[in-house]
Amino acid sequence: MSSRARSWYRRNTFGHGDFPAARLAAEREASVSICLPARDEARTIGAILESLLPLRELGAVDQIVVVDHSTDGTAAIARELGVEVYDQEALMPELGPVLGKGDAMWRALHVLTGEVVCFLDADSERFGTHFACGLLGPLLCETGLSFVKGFYKRPFRIGATTLPDEGGRVTELTARPLLNLFYPDLAAVEQPLAGEIAARRDLLERLPFVTGYGVDIALLLDAYTEVGIDALAQVDLDVRQNAHQPLRDLGPMAHAVLQAVATRLEREGRLRGPLPATFLAPGASGPEVLDREPVERPPIAGLRAAA
C-alpha cells in the first residue's frame, strides 16, 4: 500500500457515529437529496424508508426519492410512505430501456434537487438511519471533501449459517487487486464496490456513469481523477446484510468491474484497446454470452453545455 494511501486512510476515514442526524441538521449549509434505485425490493424498501423519513422531518435532508423498475409493488409501498417515486423508464424515455443501476442513477440526477446527493441501495436487510447520516456527514460537516464511500462488514449467509465477514467476493478477488496494481493511491478504500455513496452534485454532473455493475468502481476512479484523493473520504457503516449471488453469476460481475477499470486505463494511455466487448461462459449447449458491451452515459455538465 502506498504511503499516500496510508496517509489518506488516517485523515479521511470516519465512523458513522461522528455524524448524528441532529448534527447534520444543525451544521449543513447545502440542500440534500437521498435516492434509492430499486428493482423488486418490496421485501426491504418499507423498512429502509421508515428509517429515512425522520431525517426529513428533523431537517437533516430535503428530498427522498425512489427510482423504481419493479413488478412486485415496491413503488406502491414507497408512495404510501410519502416519498417521491419515479419510474426509471419514464426518466429520459428517449434513451430507451434503462440499462441497469448506473443508468438509473444517472437519470435520477435529472429529478434530484439537492446540492449534495446520497445514493443508497434498496436491498439492505440491516439498514439504519446511520447509513445516510454517515455518508452525508463528511460532506456537510467537514471541509474540502466532494465524494464519500461507505464500507461495512458483510456477513456471508448460506441457509441457516452466517459467516460474520466473508461477503464481498468480487471486491476481494477483482476490485481490490486492480486498485493495488493500477491505482495504489486508492488501495486503502475499504469497499470500492459499495453502492452507498454521497457526493456533491457539481462533481456527479462532471462524471460519466457506467450503466451496469461497473458503475461503483467507475465513479470512484473518475472522482479520484477529477478532484484528487484528498477530496475523497470513506465512512464505516458497521454491518450490511444483503442477498448473495450464485457463484456462476459472479463472473459477469467481475468482468464488468474489470471492463470499467480497463476502459479508464485505456483512456489514460496505459492500456491498448480495443477491449473485448462480451463475456462468454460455458452453457448447456456451448459458450453463451452473459455480459454485453457496456454503455456509459456522458457527464450531465457536458450535455448542458452543448444544449
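Here are the numbers for the structure shown:
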| item | result |
| --- | --- |
| Strands (runs of 3 or more DSSP E) enclosed by the stretch 155-222 - at least 1 residues per element that are closer than 26 Å to Val117 by Cβ, modelled with pLDDT of 95 or more and of a type in the set (Phe, Trp, Tyr) | none |
| Failed condition for Glu89, given (1) assigned to a helix (DSSP H, G or I); (2) closer than 27 Å to Tyr152 by Cα | (2) |
| Near pairs, Cβ below 6 angstrom, 6+ apart or cross-chain, from the stretch 66-80 (at pLDDT 95 or above and part of a strand (DSSP E or B)) to any residue that is among the hydroxyl-bearing types (Ser, Thr, Tyr) and surrounded by 14 or more Cβ atoms within 10 Å (Cβ to Cβ) | Val67/Tyr86; Asp68/Thr74 |
| Residue pairs meeting the criteria (Cβ under 6 Å; at least 6 apart or on separate chains; first in contact (Cβ under 8 Å) with a residue 24 or more places away in the chain, in the stretch 82-104; second in a loop (DSSP other than H, G, I, E, B) and among the polar types (S, T, N, Q)) | Leu99/Thr211; Gly100/Thr211; Gly102/Thr211; Asp103/Thr211 |
| Some residue of the stretch 113-131 being under 16 Å from the mean Cα position of the chain (by Cα), more than 19 Å from Thr44 (Cβ to Cβ), assigned to a loop (DSSP other than H, G, I, E, B) and not β-branched (Val, Ile, Thr) | no |
| Complete set of residues in the stretch 172-209 that are among the β-branched types (Val, Ile, Thr) and closer than 15 Å to Ala233 by Cβ | Val189, Ile197 |
| Odd one out for Leu55 among (1) more than 21 Å from Thr211 (Cα to Cα); (2) in a helix (DSSP H, G or I); (3) free of Cβ contacts under 8 Å to residues at least 60 places away in the same chain | (3) |
| Candidate set: the stretch 1-23, residues that are farther than 30 Å from Ala187 by Cβ and among the hydrophobic types (A, V, I, L, M, F, W, C); chosen: the one surrounded by the fewest Cβ atoms within 10 Å (Cβ to Cβ) | Ala22 |
| Residue in the stretch 32-48 that is over 19 Å from Ala76 (Cβ atoms) and touching a Ser or Thr at 6+ places or on another chain (Cβ under 8 Å) present | yes |
| Test: residue in the stretch 24-31 that is exposed (fewer than 14 other Cβ atoms within 10 Å of the Cβ), hydrophobic (A, V, I, L, M, F, W, C) and part of a loop (DSSP other than H, G, I, E, B) | yes |
| Residue selected from the stretch 62-107 under the condition within 27 Å of Ala26 (Cα to Cα) and of a type in the set (A, V, I, L, M, F, W, C), by the criterion surrounded by the most Cβ atoms within 10 Å (Cβ to Cβ) | Val66 |
| Hits in the stretch 110-121 (condition: buried (at least 18 other Cβ atoms within 10 Å of the Cβ) and modelled with pLDDT of 95 or more) | Leu112, Gly114, Val116, Val117, Cys118, Phe119, Leu120 |
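The values are calculated or read from the model by the stated rules, or taken from the named source; none is laboratory data. What you see is a predicted model; the values in this text were computed from it and never measured. So basically every Cβ, Gly included, is an ideal-geometry build from the backbone, and we count neighbours across all protein chains shown.
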